[in-house]
Amino acid sequence: MIEKKVKKARKGDEKAFQELIDIEKNKLYRMAYVYVKNEDDALDIVQEAIYKAFISIKSLKHPQYFSTWLSRILINSALDFIKKHERTITTEEMDVIPGERHSLIEEKLDLALAIEELDVPYKTVIILRYYKDFTVKQIAEILDCPEGTIKTRLHRAIRQLKSELKEGCIG
């Protein structure tokens with residue numbers, strides 16, 4: 001069903017494109033919000049991504065990858081926005097889930113702070129993998145990188161997080 005809509009959208013059917021966006025819009029907004037932690041900025045990023053997708057839908061070669069293709073456009077739009085506005089992800093963006101125990105909350109905050117300190121490529125793969133539950137293959141498609149690169153970034157990010165958290169416990 002979605003592939004049929006994508007094919008129609010590629011042929012210029014604006015209604016089909018709008019229906020596809022309606023399916024994806026909540027996911028797009030949540031992803032954008034993770035990057036900028038501001039409702040208006042997230043909406044601007046989503047709007048920009050949808051515009052870019054609309055004008056380039058004809059270039060989408062494989063309709064079954066519409067969602068991945070659209071996610072990649074959104075992530076690139078979010079990263080462009082961050083570069084343009086020199087904004088970084090804050091701890092609030094990690095959606096820290098309140099735990100039943102105070103120490104669990106502190107651990108989650110420590111982790112969120114450590115993630116905040118990561119360089120953008122590492123932060124991006126951690127968010128996509130562990131907060132959005134994308135597979136390594138999906139992340140590679142979204143970021144247009146080899147799977148090996150994604151695995152390396154994940155490994156380095158996790159190692160850096162462990163180091164930061166270990167230092168935090170000692171200090």
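The values are calculated or read from the model by the stated rules, or taken from the named source; none is laboratory data. Keep in mind the model is a prediction, meaning the values are calculated, not measured. Don't worry about glycine lacking a Cβ; one is built from the backbone with ideal geometry, like all the others, and counts go over all protein chains shown. Please note that ligands, DNA and RNA were not included when accessible areas were found on the heavy atoms of the full protein model with its side chains. Shrake-Rupley method; radii C 1.70, N 1.55, O 1.52, S 1.80 Å.
Find the residue count for the stretch 1-24, including only residues that are within 16 Å of Lys58 (Cβ to Cβ) and not in a helix (DSSP H, G or I).
3
Pick from the stretch 22-43 the residues that are among the acidic types (Asp, Glu) and within 15 Å of the chain's Cα centre (by Cα): which of them is nearest to Lys132 (Cα to Cα)?
In the first step, residues of the stretch 22-43 are kept if they are among the acidic types (Asp, Glu); the result is 22, 24, 39-41.
Now drop any that are not within 15 Å of the chain's Cα centre (by Cα), which leaves 24, 41.
Working: Glu24: 14, Asp41: 20 Å.
Among them, the one singled out is Glu24.
Can you confirm whether Ala140 is at pLDDT 85 or above and in contact with an Asp or Glu (Cβ under 6 Å, 6 or more places away or on another chain)? Lay out the reasoning, then the answer.
Values: at pLDDT 85 or above: yes; in contact with an Asp or Glu (Cβ under 6 Å, 6 or more places away or on another chain): yes.
Yes.
Just one of Lys84, Lys27 is of a type outside the set (A, V, I, L, M, F, W, C) and either touching a residue at least 24 places away in the same chain (Cβ under 8 Å) or in a loop (DSSP other than H, G, I, E, B) (or both); which is it? Full working, then the answer.
On the way: Lys84 fails: either touching a residue at least 24 places away in the same chain (Cβ under 8 Å) or in a loop (DSSP other than H, G, I, E, B) (or both).
Of the residues listed, the single one that is of a type outside the set (A, V, I, L, M, F, W, C) and either touching a residue at least 24 places away in the same chain (Cβ under 8 Å) or in a loop (DSSP other than H, G, I, E, B) (or both) is Lys27.
Would it be correct to say that Ile105 is surrounded by fewer than 20 Cβ atoms within 10 Å (Cβ to Cβ), at pLDDT below 85 and touching a Pro at 6+ places or on another chain (Cβ under 8 Å)?
Numbers: surrounded by fewer than 20 Cβ atoms within 10 Å (Cβ to Cβ): yes; at pLDDT below 85: yes; touching a Pro at 6+ places or on another chain (Cβ under 8 Å): yes.
It is true that Ile105 is surrounded by fewer than 20 Cβ atoms within 10 Å (Cβ to Cβ), at pLDDT below 85 and touching a Pro at 6+ places or on another chain (Cβ under 8 Å).
Mind checking which residues of the stretch 39-59 are surrounded by fewer than 21 Cβ atoms within 10 Å (Cβ to Cβ), in contact with a helix residue (DSSP H, G or I) (Cβ under 9 Å, 6 or more places away or on another chain) and over 13 Å from Ile73 (Cα atoms)?
Glu39, Asp41, Leu43, Asp44, Lys58, listed by residue number.
So how many residues does the stretch 31-52 have that are assigned to a helix (DSSP H, G or I) and touching a residue at least 24 places away in the same chain (Cβ under 8 Å)?
Initial filter on the stretch 31-52 (assigned to a helix (DSSP H, G or I)): 31-36, 39-52.
Cutting the leftovers down to touching a residue at least 24 places away in the same chain (Cβ under 8 Å) gives us 31-36, 41, 44-46, 48-50, 52.
Qualifying residue count for the region: 14.
Quick check on Glu19: is it over 15 Å from the mean Cα position of the chain (by Cα) and open to solvent by 80 Å² or more (accessible area, probe 1.4 Å)? Give the steps one after another, and end with the answer.
Values: over 15 Å from the mean Cα position of the chain (by Cα): yes; open to solvent by 80 Å² or more (accessible area, probe 1.4 Å): no.
Against the criterion (over 15 Å from the mean Cα position of the chain (by Cα) and open to solvent by 80 Å² or more (accessible area, probe 1.4 Å)), Glu19 does not qualify.
Here is a list: Thr149, Thr135, Thr124. Which entry is of a type in the set (Ser, Thr, Tyr), modelled with pLDDT of 75 or more and within 30 Å of Met1 (Cβ to Cβ)? Lay out the reasoning, then the answer.
Values: Thr149 fails: within 30 Å of Met1 (Cβ to Cβ); Thr124 fails: within 30 Å of Met1 (Cβ to Cβ).
Testing whether each residue is of a type in the set (Ser, Thr, Tyr), modelled with pLDDT of 75 or more and within 30 Å of Met1 (Cβ to Cβ) leaves just Thr135.
I need the full set of residues from the stretch 123-171 which are surrounded by 13 or more Cβ atoms within 10 Å (Cβ to Cβ) and at positive phi, in order please.
Those that are surrounded by 13 or more Cβ atoms within 10 Å (Cβ to Cβ) and at positive phi: none in the stretch 123-171.
Select, from Ile158, Ile126, Ile142, the only residue that is in a helix (DSSP H, G or I), in contact with a Phe, Trp or Tyr (Cβ under 8 Å, 6 or more places away or on another chain) and of a type in the set (A, V, I, L, M).
Working: Ile158 fails: in contact with a Phe, Trp or Tyr (Cβ under 8 Å, 6 or more places away or on another chain); Ile126 fails: in contact with a Phe, Trp or Tyr (Cβ under 8 Å, 6 or more places away or on another chain).
Criteria check complete, one pass: Ile142.
Please go through the stretch 14-73 and pick out each residue that is in contact with a Phe, Trp or Tyr (Cβ under 9 Å, 6 or more places away or on another chain), among the aromatic types (Phe, Trp, Tyr) and at pLDDT below 90.
Of everything in the stretch 14-73, just one residue is in contact with a Phe, Trp or Tyr (Cβ under 9 Å, 6 or more places away or on another chain), among the aromatic types (Phe, Trp, Tyr) and at pLDDT below 90, namely Tyr35.
Check the stretch 1-21 and report whether any residue there is among the aliphatic types (A, V, I, L, M), touching a helix residue (DSSP H, G or I) at 6+ places or on another chain (Cβ under 8 Å), under 23 Å from Cys145 (Cβ atoms) and touching a residue at least 12 places away in the same chain (Cβ under 8 Å). Break it down stepwise before answering.
The first filter runs over the stretch 1-21 and keeps only residues among the aliphatic types (A, V, I, L, M), leaving 1-2, 6, 9, 16, 20-21.
If we keep only those that are touching a helix residue (DSSP H, G or I) at 6+ places or on another chain (Cβ under 8 Å) as well, we get 2, 6, 9, 16, 20-21.
Next cut, under 23 Å from Cys145 (Cβ atoms) only: none.
Within the stretch 1-21, none of the residues are among the aliphatic types (A, V, I, L, M), touching a helix residue (DSSP H, G or I) at 6+ places or on another chain (Cβ under 8 Å), under 23 Å from Cys145 (Cβ atoms) and touching a residue at least 12 places away in the same chain (Cβ under 8 Å).
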